[in-house]
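Have a look at the structure that comes next, please.
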Amino acid sequence: MVFMIYLDNPATTKRKPLSVVTSLTKNTLLNSVNAGRGGHKYSIKGAKIVTDTADKLAKLFKISAPERIAFTQNATLALNMAINGILSQGGHAIVTSMEHNSVLRPVNKLGNYTVVYADNEGYVNPEDIKAAIKDDTKLIVCTHASNVSGSIQPIAEIGKIARANGLIFLVDAAQSAGTVDIDVDAMCIDLLAFSGHKSLLGPLGTGGLYVGERARLEPYITGGTGSLSKSLTQPLTLPDMLHSGTLNTPAIAALGRAVDFILKKGSSKILAHERLLAENLINRLDSIDGVSVLGGRDMNKRNGTVAFTVDGMPSEEVSRILAVQYDIATRGGWHCAYLAHKTLGTARHGAVRAGFSYYNSMYDVRALSYAISDIVKNLRAVHF
Amino acid sequence: MPQIYAEVGSITMATRLSKELSAQKIKAEVIHTPNSTSGCSYSVKTDEKYKDILTKYTARYKIKRIIKSDSDGFYDIS
Ligand SMILES: Cc1ncc(COP(=O)(O)O)c(C=O)c1O
């Protein structure tokens with residue numbers, strides 16, 4: 001096995017807690033069961049696994065009604081369910097320029113939306129969101145933490161604006177769930193979409209959507225739920241309404257173990273660790289001529305993601321050299337978030353992104369910064 | 001002791017209701033509702049003596065009806 005320093009954590013966290021790996025293996029072996037289909041003990045046990053994981057997530061996100069959490073295969077599906085579910089009868093949406101394509105493409109497909117631009121450090125001004133509200137606005141969507149610059153948006157303030165104007169507030173927590181504090185009530189969040197496989201440290205194929213009381217969703221995907229089989233219309237009770245088709249019970253069980261891990265370690269401690277690494281990397285990169293780190297320097301407003309550019313070299317090429325010559329996995333390009341790059345001034349060449357997780361260490365920071373110094377030195381040697 | 005079934009819409013509600021009862025040391029079992037009129041639903045089965053307790057949870061767990069089962073069959077007693 002080739003050892004590689006893995007810094008593509010914003011795409012998915014490659015290393016998971018051992019309890020997650022053992023749970024996934026054990027449950028694949030013993031509980032590859034169809035939750036809530038039929039009355040045999042495996043069906044009932046599968047359903048218990050699903051509700052147990054929902055309970056744990058509810059604790060993490062301070063959700064008082066865990067049955068309002070539905071599991072999906074990733075954040076993209078959750079976001080599509082939320083956006084299409086709210087706007088199925090039409091209506092205007094407000095999104096920010098820091099959104100991922102999993103938000104931008106669904107709203108663009110529906111056609112009636114406004115993009116509120118963040119500043120050049122990647123922060124959205126809540127007043128700009130307020131100013132974009134129109135008579136037919138139904139939905140505000142905002143990513144909690146940017147997958148490019150790591151900027152953390154003022155979610156609670158935006159939530160207050162949404163609530164005061166009777167709008168539904170959807171938060172994309174793909175890059176924040178498990179590290180940045182989320183309190184759905186205090187932040188006036190009506191819909192929370194999250195990935196299970198990124199900072200929540202769960203297995204691939206997991207994600208979910210919390211649907212608050214105010215959000216009247218139309219089901220986006222319809223199908224078998226194991227309930228009300230005689231009816232040709234989708235049940236409207238949660239989570240059945242959003243649970244069409246077989247659930248990934250072993251992965252949901254393992255996600256539960258991941259949440260246990262986070263609750264035990266403390267998400268704020270995990271975030272502090274990631275921030276420490278990110279801050280150290282930023283300081284090192286800032287001292288290299290020709291390297292520019294995107295975003296602000298106030299670490300309280302960032303997570304563990306750091307994106308940067310190297311003058312004179314396309315980001316994909318920097319990332320390729322890091323992978324091939326230094327065994328460091330990063331991601332170059334536009335990260336499915338072109339408007340965020342436009343906002344941050346990197347529309348032309350994209351950027352190299354390194355994101356830290358609980359399992360990275362200062363060793364990884366040093367390795368990356370030395371590699372970048374080397375790449376810049378070699379680049380200069382070629383040019384001069 | 002005759003058994004009663006609290007029929008709810010979804011397995012999630014049934015699981016949660018049974019957890020709630022188990023926390024009160026009440027023996028409760030999630031079952032696939034026999035003869036469900038809606039076509040596939042789940043119920044929480046427990047002793048008839050707990051009917052009043054079950055009734056308290058009607059709104060919280062969206063209990064649709066309470067069914068009694070004895071040697072004559074099943075009847076709606078909600
Ligand atoms: C901000 C943001 N939103 C949504 C997604 C989509 O997440 P998933 O891969 O779980 O569908 C990503 C993935 O990178 C993301 O970074």
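The values are calculated or read from the model by the stated rules, or taken from the named source; none is laboratory data. Just so it is clear, the model here is predicted, and its values are computed rather than measured. With ideal geometry, Cβ positions are generated from the backbone for all residues, glycine too; neighbour counts draw on all protein chains shown.
Specify which of the listed residues (A:Gly208, A:Gly196, A:Gly245, A:Gly226) is within 14 Å of chain B (Cβ to nearest Cβ) and modelled with pLDDT of 95 or more.
One residue alone meets the criteria, A:Gly208.
Can I ask one more? Could you list, in sequence order, the residues of region B:5-25 that are more than 12 Å from chain A (Cβ to nearest Cβ) and surrounded by fewer than 24 Cβ atoms within 10 Å (Cβ to Cβ)? Steps first, please.
Of region B:5-25, the ones more than 12 Å from chain A (Cβ to nearest Cβ) are B:6, B:21, B:23-25.
Residues satisfying the conditions are B:Leu21, B:Ala23, B:Gln24, B:Lys25.
So which residues in region B:51-66 are within 25 Å of A:Ser64 (Cβ to Cβ) and crowded, with 19+ Cβ neighbours inside 10 Å?
Within region B:51-66, B:Leu54, B:Tyr61, B:Ile63, B:Lys64 qualify.
Of everything in region B:39-78, what is farther than 14 Å from B:Ser18 by Cα and among the aromatic types (Phe, Trp, Tyr)? Give them in sequence order.
Scanning region B:39-78 gives B:Phe74, B:Tyr75.
For region A:41-156, please list each of the helices (runs of 4 or more DSSP H) lying entirely inside it that holds at least 3 residues being under 28 Å from A:Thr13 (Cβ atoms), away from the ligand (no atom under 15 Å from the Cβ) and out of contact with any Phe, Trp or Tyr (no Cβ under 6 Å at 6 or more places or on another chain).
Those helices (runs of 4 or more DSSP H) span A:41-61.
Among the residues of region A:214-223, which ones are touching a residue at least 40 places away in the same chain (Cβ under 8 Å) and within 14 Å of another protein chain (Cβ to nearest Cβ)?
Hit for region A:214-223 is A:Pro219, nothing else.
From the list A:Leu7, A:Leu24, exactly one residue is buried (at least 21 other Cβ atoms within 10 Å of the Cβ) and within 16 Å of the ligand (Cβ to nearest atom). Which is it? Even if it seems obvious, please write down each step before you answer.
Values: A:Leu24 fails: within 16 Å of the ligand (Cβ to nearest atom).
Selected residue: A:Leu7, the only one of A:Leu7, A:Leu24 that is buried (at least 21 other Cβ atoms within 10 Å of the Cβ) and within 16 Å of the ligand (Cβ to nearest atom).
A:Trp334 passes all but one of (1) more than 16 Å from the ligand (Cβ to nearest atom); (2) aromatic (Phe, Trp, Tyr); (3) within 17 Å of A:Glu99 (Cα to Cα); which number fails?
(1)
Please determine whether any residue of region A:304-319 is away from chain B (no Cβ under 14 Å), under 24 Å from the mean Cα position of the chain (by Cα), surrounded by fewer than 22 Cβ atoms within 10 Å (Cβ to Cβ) and not charged (D, E, K, R).
Within region A:304-319 (the criterion being away from chain B (no Cβ under 14 Å), under 24 Å from the mean Cα position of the chain (by Cα), surrounded by fewer than 22 Cβ atoms within 10 Å (Cβ to Cβ) and not charged (D, E, K, R)), the answer is no, since none of the residues qualifies.
Still on this structure: Quick one: A:Thr51 ticks every box in (1) surrounded by fewer than 17 Cβ atoms within 10 Å (Cβ to Cβ); (2) within 14 Å of chain B (Cβ to nearest Cβ); (3) without any contact (Cβ under 8 Å) to a residue 24 or more places away in the chain except a single one, so which number is it?
Among (1) surrounded by fewer than 17 Cβ atoms within 10 Å (Cβ to Cβ); (2) within 14 Å of chain B (Cβ to nearest Cβ); (3) without any contact (Cβ under 8 Å) to a residue 24 or more places away in the chain, A:Thr51 violates only (1).
Another question, if that's okay. State which residue is nearest to the other protein chains (Cβ to nearest Cβ) when the search covers only region B:29-50 and only residues that are crowded, with 24+ Cβ neighbours inside 10 Å and aliphatic (A, V, I, L, M).
B:Val30
Among the residues of region A:259-282, is there at least one that is within 16 Å of the ligand (Cβ to nearest atom) and within 15 Å of B:Thr12 (Cβ to Cβ)?
No, that holds for no residue.
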